Each structure stands twice: as structure tokens, then as C-alpha cells.
């Protein structure tokens, strides 16, 4: 049986959403305006938590070790990047 392909975030541009303590809106209920664009390099420990469409693009959403959610349209599955 083939190994399960685990999606991971890759270095490059991504969307980032920082939760505000006490605010009821989480990443799932956020609008595209709540997501900033940044350049990110994975540090390990990123956890795939779901999917969200941001600015019309389907993205994989990850929770990162710095307590920030990041989303990308390009993700890796252990060697091959998915667009």
C-alpha cells in the first residue's frame, strides 16, 4: 500500500492570520481582508488544520508553532508540490 501523502507548507509567499485574543472570529470565519501576505520559511511543526478559499484561491491552512495560521495554494506532499 502506498504511503499517505502528507501536505506540508513550503517556503515562499503565503497568507497569514493572527488570532486576536478575545475576538470571536477564528480563521474559519475570517474574511479575505483578515489575511495578510507574507514570505514564510517552514520551521517544522506546522499542522494542516483545514482548507479555506482566500481571494478566490483554494488554500491549505496550517497552524504554525508561533501560533499563527498560514495558508498556501502551493503545498508539498513529500517531494511533489501541489498547486
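Residues in the range 21-28 include at least one that is at pLDDT 90 or above and surrounded by 13 or more Cβ atoms within 10 Å (Cβ to Cβ). On the stretch given as the range 14-30, residues that are part of a loop (DSSP other than H, G, I, E, B) and in contact with a strand residue (DSSP E or B) (Cβ under 9 Å, 6 or more places away or on another chain) total 6. Scanning for something crowded, with 16+ Cβ neighbours inside 10 Å, outside any loop (DSSP other than H, G, I, E, B) and modelled with pLDDT of 95 or more, does the range 2-13 turn up at least one residue? No; the residues of the range 2-13 include none that is crowded, with 16+ Cβ neighbours inside 10 Å, outside any loop (DSSP other than H, G, I, E, B) and modelled with pLDDT of 95 or more. Scanning the range 54-70 for residues that are in a strand (DSSP E or B) and surrounded by fewer than 11 Cβ atoms within 10 Å (Cβ to Cβ) yields a total of 1.
The values are calculated or read from the model by the stated rules, or taken from the named source; none is laboratory data. Nothing here was measured: the structure is a model prediction, and the numbers come from that model. Glycine also receives a Cβ, built like all others from the backbone with ideal geometry; neighbour counts cover every protein chain displayed.
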